[in-house]
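Before any comments, here is the structure.
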Amino acid sequence: MLQGVAIMSAGLTLGFVGFFSALNQSDVTSNRIAGIGSGHDIFGKTMVLAVFPELYAIIAFAATFLISMSL
């Protein structure tokens, strides 16, 4: 029972982090796409800044993986 609760809580945490990471990443990229459409040369900066919100999801996935391997 304890293992099931641990896996469920790790999965829920990963789901919430992934959801909020996706929301933040969509905000960053949509604003930068609008800037590119306006004629600004910010493509490289857009690609770099779009990675930062995704980093939180990757770290949460790694933590979930480590939790599941320790059970």
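Computed quantities for the displayed model
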{"read-out": "Quarter of Cα convex hull surface for the chain, i.e. mean projection, nm²", "value": "4.6 nm²"}
{"read-out": "Highest-MSF residue in the chain out of ALA34, ALA50, ALA22 [GNM, Cα springs under 10 Å]", "value": "ALA34"}
{"read-out": "Relative contact order, percent, the chain [alpha-carbon distance under 8 Å, six or more residues apart]", "value": "47 percent"}
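The numbers here are math on the coordinates, done by the rules we state, and not lab data. Just so you know, these numbers come straight off a predicted model, no measurement behind them.
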